[in-house]
Amino acid sequence: MNAIRKACVEAIFREFEDHGDAIRPAYADGWNDIEARRSLGHIVGFIDIDVADLVDIVIDTINKELM
């Protein structure tokens, strides 16, 4: 389970770093106002989270890990 958890966390951080749709600035072009703190496991700032997209990322990652 630890490997799956780690893979899901990495997938979420990658989604943020790639400026995907699941985690984005709550206003216009505020990417510089959001900070990913990998060492703490946090993404901080004024963000908009698309829960359905985030769940899809987690499910896809779990499926990949289980194959």
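Taken together, the values in this text are just the output of simple stated rules run on the coordinates, not laboratory data. None of the values given here were measured: they were computed from a predicted structure. Cβ placement follows ideal geometry from the backbone for every residue including glycine, while neighbour counts extend to all protein chains displayed.
Observations on the model:
- Annotation for ASP48 and ALA28: the two label points, set 7 Å from Cα along the Cα-Cβ direction, are 1.4 nm apart.
- For the range 21-67, the list of chymotrypsin sites (Phe, Trp or Tyr not before Pro) that fall in a loop by DSSP and count at most 15 other C-beta atoms within 10 angstrom reads TYR27, PHE46.
- With respect to the chain, whose longest principal axis is taken over its alpha-carbon atoms, helix 2-17 is tilted by about 30°.
- Here the ratio of the Cα radius of gyration of the chain to 2.2 N^0.38 Å is 1.13.
- Under-5 Å amide H pairs with ILE23, H placed in peptide plane, nonlocal only: ASP50
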